[in-house]
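We did not get these values from a lab; they are worked out from the coordinates using the rules stated. Keep in mind the model is a prediction, meaning the values are calculated, not measured. Don't worry about glycine lacking a Cβ; one is built from the backbone with ideal geometry, like all the others, and counts go over all protein chains shown.
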Amino acid sequence: MSIEKSMFQYADEIGPEKIIYMHDPQTGLKGILVVDNTIRGPAIGGIRMAPDVTTDEVFRLARAMTFKNAAAEIPHGGGKGGIIGDPTAPNKYAIIRAYARAIKSITEYIPGPDMGTDERCMAIIYDEIGRACGLPRELGGIPLDEIGATGYGVACASEVACQYVQLDINGATVAIEGFGNVGKAAFRFMEEKGAKIVAVSDSKGAIYNMKGLNYEKLVKVKQATGSVKNYDDGKMIGNKELFELPVDILIPGARPDVITVENVNNVKAKLVVEAANIPATLEAERILHNRGILVVPDFIANAGGVITGAVECRHGTESEAFKVIKEKIVRNTKKVLDLSKDQGILPRTAAEKIAKERVLKAMEYRGRR
Ligand code: NAD
C-alpha cells in the first residue's frame with residue numbers, strides 16, 4: 001500500500017494530523033509516529049516496541065489516547081509511537097535514541113512508556129530531546145506503578161459506581177484478575193475503602209476465600225513460589241472461574257477479552273470495573289448492560305496512569321497526582337454513568353460520546369471546524 005493511502009485511509013473529522021515513518025540505517029530503527037489530535041494540547045501517548053507493530057495498530061492506539069485524554073480531562077491530545085523491533089535487542093537503547101532524534105522536531109508529541117519501553121527508555125529520550133513523561137524519580141518522574149496510580153483510580157471509580165447499583169463499598173466482596181502493578185494497587189486501595197478482596201489470580205492460577213485474603217501474605221507467597229495460587233488459606237480455582245464467582249465487584253486487571261459471549265452470562269457481580277484495557281468484548285458489555293450489571297469502561301476506570309503523566313509533565317508531585325486522579329476519575333465516572341442512565345446507552349458509548357464531544361468542541365473554539 002502506498003504511504004498516501006496508508007495515511008489517508010484513517011482521515012476523519014478528528015485526525016490523524018500526522019503519520020511519520022522513520023528509518024535509521026546505523027541502528028536499524030524502523031519507526032512510526034501517529035500524532036492523532038493536538039487540539040486540547042500536546043499529544044501524550046506511549047511508544048510501543050514490538051516486532052509486529054503496524055501503522056494500523058499505532059493509529060488505533062493514538063486515537064484511543066485522544067479519547068482517553070479527553071475523557072480524563074487532561075490538557076493533552078493523543079498520539080502513539082511504534083518501533084518495529086525486538087525489545088530485548090542488545091542495541092535497544094541506541095534504537096531508542098535514534099527514534100528520539102527522529103521525533104525531535106515533532107514538539108507537539110510527548111512520548112511515554114508502553115509495551116517494550118520503560119522509564120530507562122524515557123530517560124534516554126529526555127536526554128536526547130528534552131521531553132518525555134514516565135521518567136525515573138531521579139529525573140522528576142512520578143513512578144506510576146510504584147505509587148499504584150492506576151489501581152488508585154480504579155478504587156475511586158469503584159466507589160462512585162457502587163452508588164449506582166445500591167452497593168456499599170464498605171464490606172463489598174471483590175474478585176481481582178491479575179496481581180501485577182494494577183491488580184496489587186487495586187487490592188490495596190479497595191481494601192482501604194473497606195472492601196473485602198476474596199479472590200485474585202495471576203498467569204499461573206487463582207485463589208478464593210470468601211472470608212477475605214491477606215495482601216501482605218499474598219505478596220510473600222507470590223515472591224516465594226511464583227504464584228498467588230499457592231496461598232494456603234483458600235481454595236485454588238481456575239483462572240476462568242474467577243469471573244464467575246458470587247462477588248459484588250469484579251475487577252479484570254490483566255488480559256484483554258476475558259469476558260466474552262462465552263462466559264458473560266455466568267458473571268454474577270453487580271459491578272464490573274475495567275482496570276485492564278479491553279477486558280470485555282463489546283458484545284459482552286452489551287449483554288452485561290442488558291442484565292443490569294454496571295460496567296465502568298477501561299478508559300474511564302484506568303486513567304490514573306495517564307493523569308499521573310499529565311501531572312508529571314507540569315512538574316507536579318506525587319501527592320498532587322493522587323489528588324488529581326481522585327478529582328477527575330470521580331467526576332468523570334459520575335458523568336459517564338449519569339449519561340448512560342439518562343439515555344439508556346452503554347457506559348462505553350456514553351464515555352466515547354463525552355470524549356468525542358470535548359475534542360470537537362475544542363476544535364470549534366479554536367476555529368478548526
Ligand atoms: P503487569 O505485567 O504488572 O501485571 C499483569 C498481571 O497479570 C501479572 O500478575 C500476571 O501474572 C497476570 N496475568 C497474566 N496473564 C494472566 C491470566 N491469564 N490470568 C490472570 N492473570 C494473568 O501489568 P499491569 O501494569 O498490572 O497491567 C495490567 C493491565 O492493565 C494491562 O491490560 C494494561 O494494559 C492495563 N493498564 C495498565 C496501566 C498501568 O498503569 N500499569 C494503566 C492502564 C492500563
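As a length-normalised measure over Cα pairs under 8 Å and 6 or more apart, the relative contact order of the stretch 149-356 settles at 22 percent. Annotation: lysines with alpha-carbon distance below 20 angstrom to LYS270 (same-chain offsets under eight excluded): LYS193, LYS196, LYS211, LYS240, LYS334, LYS335, LYS341. Near the amide H of VAL200, within less than 5 Å, lie the amide hydrogens of ILE176, ILE207, all on another chain or at least 5 residues away, with H placed in the peptide plane. With the simple spin-label model, which puts each label point 7 Å out from Cα in the Cβ direction, the HIS23 to ALA224 separation comes to 5.6 nm.
Send over the per residue convex hull volume for the stretch 30-79, Cα only, as a whole number of Å³. Kindly include the intermediate steps, with their values, before the conclusion.
Working: hull volume 3.0 nm³, N = 50.
Hull volume normalised by residue count: 59 Å³.
Relative to the current alpha-carbon distance between GLU327 and GLU57, full extension at 0.36 nm per residue lengthens the span by 94.1 nm.
Highest mean first, how do 109-120, 256-267, 341-352 rank when packing is the count of other Cβ atoms within 10 Å averaged over residues? Display every interim value, and only then the final one.
Numbers: 109-120: 21.8, 256-267: 15.6, 341-352: 17.4.
Highest mean packing first, the order is 109-120, 341-352, 256-267.
With one equal scatterer per alpha carbon and no solvent term, the Debye-computed log10 I(q)/I(0) for the stretch 58-192 at 0.16, 0.19, 0.20 1/Å reads -0.96, -1.18, -1.25.
Work out, step by step, the length gained on full extension between TYR365 and VAL165: first 0.36 nm times the residue separation, then minus their alpha carbon distance; give nm to one decimal. Write down the numbers at each step before the final one.
Working: separation 200, 0.36 × 200 = 72.00 nm, distance 3.72 nm.
Gain on extension, TYR365 to VAL165, equals 68.3 nm.
In vacuum, with every alpha carbon of the chain counted as one equal point scatterer, what does the Debye formula give for log10 I(q)/I(0) at q = 0.08, 0.09, 0.14 Å⁻¹? Two decimals, please. With one equal scatterer per Cα and no solvent, log10 I(q)/I(0) is -0.40, -0.51, -1.20. Would you mind telling me which residue in ARG97, ARG188, ARG291 has the biggest mean-square fluctuation in a Gaussian network model of the chain, where springs connect alpha carbons within a distance under 10 angstrom? Among ARG97, ARG188, ARG291, the largest mean-square fluctuation in the Gaussian network model of the chain belongs to ARG291. Expressed to the nearest 5 percent, the antiparallel share of DSSP beta bridges inside the chain is 45 percent. Taking every C-alpha pair closer than 8 Å and separated by at least 6 residues, the mean separation divided by the residue count of the chain gives a relative contact order of 15 percent.
Evaluated at q = 0.12, 0.20, 0.23 Å⁻¹, the base-10 log of the normalised Debye intensity for the stretch 85-153, with identical point scatterers placed on the Cα atoms, takes the values -0.32, -0.82, -1.01.
Computed packing ranks the peptides 246-254, 129-137, 230-238 as 246-254, 129-137, 230-238, most packed first, by mean other Cβ atoms within 10 Å.
Once you charge only the Cβ atoms, +1 for Lys and Arg and -1 for Asp and Glu, what is the size of the charge dipole of the chain about its Cα centre, to the nearest 20 debye?
400 debye
Let me know the charge dipole size of the stretch 3-141 about its Cα centre in debye, to the nearest 20, where only the beta-carbon of Lys, Arg (+1) and Asp, Glu (-1) is charged.
Rounded to the nearest 20 debye, it is 180 debye.
Taken along its principal axes, the alpha carbon cloud of the stretch 210-369 reaches lengths of 62, 42, 22 Å, longest axis first. Each Lys and Arg adds +1 at its Cβ and each Asp and Glu adds -1 at its Cβ; summed about the Cα centre, the stretch 145-279 shows a dipole of about 320 debye.
Taking the charge dipole of the chain about its Cα centre, with +1 at Lys and Arg Cβ atoms and -1 at Asp and Glu Cβ atoms, the residue from TYR365, PRO256, ALA50 reaching farthest to the positive side is TYR365.
One decimal place: the segment LEU339-LYS217 gains 39.8 nm when fully extended, by the rule 0.36 nm per residue minus the C-alpha distance. For an R0 of 22 angstrom, estimate the FRET efficiency from the Cβ-Cβ distance between LYS353 and GLU146 and round to the nearest 0.05. Efficiency, from the Cβ-Cβ distance: 0.05.
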